Amino acid sequence: MSTEPPQYPPPDDDPFKKQPPRQPPPQPPQGGGSPYDTPPPGGGSPYGTPPPPYGGDPYGGGQGGHGGPDPLAGMPPLADSGKRVLARIIDMILVGIVVGLLTWLFGTSEYDIDPDNVNSGKSFGQSLLAAVLYIAYDTFMISKTGQTLGKKWLGMRVANLNDGATPTLQTALARAAVLWLPFAFCCACIWTAICGGWSFFDKPYKQGLHDKAAKTVVVSA
């Protein structure tokens with residue numbers, strides 16, 4: 001039996017003492033920060049959703065809004081309110097002549113000299129006829145050229161506030177209905193005066209109430 005001590009491998013060859021080489025720590029992307037914070041080329045959201053464009057209702061920008069582009073940029077100047085009233089009077093006279101002729105043909109009279117012979121049905125019928133004719137006249141003329149005869153003779157036209165175009169049939173109808181529909185029921189002259197006269201005090205677009213309802217303006221032609 002040998003008395004020599006057992007032989008061990010050199011310490012450097014010990015497999016339990018061997019360690020894998022150190023790996024360098026991962027480097028952040030060039031430019032720093034999280035990769036999720038890096039916007040795509042051209043800016044905007046990193047998820048590809050562009051920011052919403054500014055715009056919307058024409059009353060939200062321009063002279064009376066929040067600093068956006070003026071809807072009247074590139075349009076002719078706004079029409080004078082006094083000339084608008086004069087044009088309306090001309091239109092009322094023209095349509096009133098037609099209403100008077102039809103009233104005479106159908107034997108309908110709004111007022112009777114004899115207080116004991118007042119027919120409220122005939123009175124309402126004439127008012128309704130007048131309102132229908134005014135609405136039809138205004139709607140047709142405005143949707144066709146932006147001008148009634150009164151406006152044409154005085155050099156004005158109705159335009160959309162947002163783009164200056166001639167109003168569509170639907171827009172012209174809404175505008176005319178707000179102006180003339182109460183004519184058939186009550187306060188005919190009072191409502192027409194208030195609705196049209198609003199342009200004397202409205203800022204900055206000189207709109208009547210019917211213009212506000214249809215989002216239109218009256219400009220010089």
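Brief remarks on what is shown
- Of all residues in the stretch 74-91, those that are touching a residue at least 12 places away in the same chain (Cβ under 8 Å) and more than 16 Å from K152 (Cβ to Cβ) have Cβ atoms under 6 Å from Cβ atoms of residues that are part of a helix (DSSP H, G or I) and hydroxyl-bearing (S, T, Y), 6 or more apart or on another chain, in S81/S199.
- Selection from the stretch 100-127 of residues that are of a type in the set (F, W, Y) and modelled with pLDDT under 55: Y111
- Criterion: closer than 17 Å to V99 by Cα, open to solvent by less than 60 Å² (accessible area, probe 1.4 Å) and modelled with pLDDT of 95 or more - qualifying residue of A184, A136, A130, A159: A136
- Enumeration of residues in the stretch 183-214 that are free of Cβ contacts under 8 Å to residues at least 40 places away in the same chain, farther than 17 Å from L78 by Cβ, assigned to a helix (DSSP H, G or I) and more than 17 Å from the chain's Cα centre (by Cα): C189, I190, W191, A193, I194, C195
- Count of the stretch 162-181 residues which are open to solvent by 40 Å² or more (accessible area, probe 1.4 Å), touching a residue at least 12 places away in the same chain (Cβ under 8 Å), in a helix (DSSP H, G or I) and not β-branched (V, I, T): 4
The values are calculated or read from the model by the stated rules, or taken from the named source; none is laboratory data. Predicted, not measured: the structure shown is a model, and the values here were computed from it. Every residue, glycine as well, gets a Cβ built from its backbone with ideal geometry; the counts of neighbours run over all protein chains shown. Accessible surface areas use protein heavy atoms only, side chains included; no ligands, DNA or RNA. Shrake-Rupley method; radii C 1.70, N 1.55, O 1.52, S 1.80 Å.
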